[in-house]
Amino acid sequence: MSLSQFVDKLPIPRILKPKGTKDGVPYYEVKMQEFKQSLHKELPKTTVWGFEGNYPGPIIEVNRNEWIKVKWINDLPEKHLLPVDTTVHGAEPDKPRVRTVIHLHGSVVEPESDGYPDAWFTKGYKEVGPYFTRKVYDYPNRQRGTTLWYHAHAIGITRLNVYAGLAGPYIIRDPLENFLRLPRGNYEIPLLIQDRSFNDDGSLFYPTQPQPPVLSVCPSVVPDFFGDTILVNGKVWPYLEVEPRKYRFRIINGSNSRFYRMRLSTGQPFYQIGTDGGFLQRPIITREILLAPAERADVIIDFSEYWGQNILITNDAPSPFPRGNPAYCRTEGRIMQFRVSIPLSNYDFSVIPQRLSTITPLQEGEASLTRNLTLVRETDKYGRAFLLLDGKRWDDPVTIKPRLGNIEIWTLINLANSTHPIHLHLVNFQILDRQPFDVEYYNETGKILTTGPVVLPDLNERGWKDTVRANPGEITRIIMRFGPYTGLYPWHCHILEHEDHEMMRTFEVVY
Ligand code: C2O
Ligand code: CU
Ligand code: CU
């Protein structure tokens with residue numbers, strides 16, 4: 001099916017209002033529901049899942065240090081919209097098909113409010129998972145201002161629940177930001193990028209089998225998923241009319257597996273001001289931004305010199321990244337279009353500041369320990385390839401127990417053949433470096449033999465991160481301080497098909 005491009009306006013998610021207050025703080029109720037929504041002019045309406053009648057979900061916006069409470073309500077039908085594989089951990093035949101729990105990605109919250117994968121619940125809390133904690137979550141928002149995103153996280157069906165539509169933006173605004181005079185109001189827009197495929201009747205297509213198929217399991221989880229259309233804020237290949245001035249875009253890669261390596265078709269730069277965990281020290285001028293699933297980039301684009309032009313955000317990231325199929329330039333190679341067609345309504349007083357924030361590097365010397373953690377490909381009992389972290393499965397006993405307040409270095413040793421975006425709950429980390437190593441030698445001896453120089457993180461990775469690209473044949477070192485809470489949290493690959501198929505482990509912060 002081929003859909004015309006840039007015929008639908010970019011939707012801008014509304015900002016959700018609290019229902020009232022509870023214990024003296026703003027209280028939100030957010031219902032997950034199934035409904036029909038038009039995702040493209042030429043497509044019949046698509047049945048999706050969303051929040052409060054919106055796919056993607058509305059923006060939850062708070063100020064830093066503003067405590068809020070959120071009750072995520074499962075009001076979904078009993079039948080899943082997509083093929084559930086019951087051989088995958090946590091999705092066994094005795095489990096309800098439609099289970100949800102919502103995680104606020106990048107948030108620093110207590111385990112009880114983190115959306116642990118086994119803390120799922122069904123409609124009306126008729127059934128709940130083994131780690132179910134509470135109905136109302138607490139978000140203290142004591143962390144740096146940044147773009148987070150909330151998304152479904154129930155064990156074994158995260159790929160399906162997110163693909164059905166359960167994701168949305170969450171913004172923590174630091175009041176100090178006002179002094180920076182960044183573009184704001186109508187000139188500050190979140191862009192949640194996701195890929196999807198459609199059947200002719202407009203319904204979402206998600207494969208029931210990998211290629212080649214595994215005959216003994218149907219439907220079966222797939223090793224990854226790449227849709228043939230790109231959606232931004234829930235529209236396929238949208239356009240946005242802009243004024244010839246500066247805009248701020250908070251870009252979120254909310255795709256299951258797809259990476260995006262973005263450029264502007266005019267060759268003009270992005271001014272990247274922030275990453276997963278908030279502002280960089282100073283803006284980075286770059287013509288290319290690479291985002292793996294769950295990574296975010298806060299950017300300014302200056303349209304002032306482009307009156308009358310149509311500008312594309314293009315994508316040339318191969319799938320799987322980095323050695324898979326090239327992005328076809330006419331389809332996945334395009335993300336959205338800007339039309340610089342609205343006359344300037346006012347002088348553009350916004351600026352691209354010289355300095356944005358201070359990022360104090362965590363010192364390697366202060367780390368109490370280094371953990372070597374492998375990313376390795378295996379075959380499951382049905383003959384399907386899948387990936388493990390540290391050679392262990394989700395249900396294996398907890399092996400990582402950082403002490404509260406301690407700094408650790410994790411060395412991610414990627415023995416597989418593609419890049420895996422590794423995400424830790426609770427903590428923001430800094431990337432120390434990456435270095436190529438001899439994979440065969442490691443497989444034989446269990447020792448790291450480096451084969452090239454240490455590479456520092458990209459300029460736009462030199463801030464606080466919660467998701468890091470661990471490239472094949474490289475060791476990637478990250479450093480973080482564990483806290484401020486104790487308890488059990490997940491860490492995992494954010495390629496959702498991998499996460500659902502065992503590429504997820506836990507760590508427990510202990511006293
Ligand atoms: Cu965005 Cu545990 O995930
Ligand atoms: Cu997370
Ligand atoms: Cu992965």
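Observations
- Amide H within-cut-off set for L290, under 5 Å, with H built and near neighbours excluded: M262
- Net +/- balance of residues flanking P26 in space, Cβ distance below 13 Å, scoring K and R +1, D and E -1: 0
- Rounded accessible area of Y125 (nearest 10 Å², 1.4 Å probe): 50 Å²
- Where S203, S368, S319 fall by accessible area, highest first, once all protein chains stay in place (1.4 Å): S368, S203, S319
- Vicinal HN-Hα couplings computed from phi for region 489-496 (Karplus, 6.51 cos²θ - 1.76 cosθ + 1.60; Hz; Gly/Pro x): 9, x, 9, 6, 7, 8, 6, 5
- Remark on D433: its backbone amide H falls under 5 Å from those of R477, a criterion applied only to residues 5 or more positions apart or on other chains, H modelled at 1.01 Å from N.
- Charge context of M336, other residues only, Cβ under 11 angstrom, K/R +1, D/E -1: +3
- Surrounding net charge for V7, when Lys and Arg each add one and Asp and Glu each subtract one, Cβ distance under 14 Å: +2
- Dipole magnitude of the chain, debye to nearest 20 (Cβ charges: Lys/Arg +1, Asp/Glu -1, about Cα centre): 1080 debye
- ³J(HN,Hα), Karplus 6.51/-1.76/1.60, whole Hz, each residue of region 119-126, x for Gly, Pro: 9, 6, 8, 9, 3, x, 6, 4
- Straight-line reach from K465: taking Cα to Cα under 24 Å and skipping same-chain neighbours fewer than 8 places apart, the lysines in range are K401.
- Helix-derived mean residue ellipticity, 222 nm - over the chain, DSSP H n ≥ 4, -39500 (n - 2.57), to 500: -1000 deg cm²/dmol
- Annotation for region 299-370: trypsin sites (Lys or Arg not before Pro) lying in DSSP loop with at most 15 further Cβ atoms inside 10 Å of their Cβ are R323, R330, R355.
- Hits among lysines - C-alpha to C-alpha of K45 under 28 Å, sequence gap 8 or more where chains match: K9, K17, K31, K36, K79, K123, K235
- Surface composition of region 364-509: carbon plus sulfur atoms contribute 46% of the solvent-accessible area (1.4 Å probe, protein chains only, all chains present).
- Checking every one of the trypsin sites (Lys or Arg not before Pro) in region 124-220 against DSSP loop status and a limit of 14 other Cβ atoms within 10 Å picks out K126, R134, K135, R142, R181, R184.
- For region 433-448, Karplus couplings with θ = phi - 60° (6.51, -1.76, 1.60), whole Hz, Gly/Pro x: 5, 10, 7, x, 9, 8, 5, 4, 4, 5, 4, 7, 10, x, 10, 8
The values are calculated or read from the model by the stated rules, or taken from the named source; none is laboratory data. Note that the structure is predicted; figures quoted are calculated from it, not measured. Reconstructed Cβ throughout: ideal geometry from the backbone, glycine too, with neighbour counts over all protein chains shown. To get the accessible areas, we keep the full protein, side chains included, count just its heavy atoms, and leave off ligands, DNA and RNA. Shrake-Rupley method; radii C 1.70, N 1.55, O 1.52, S 1.80 Å.
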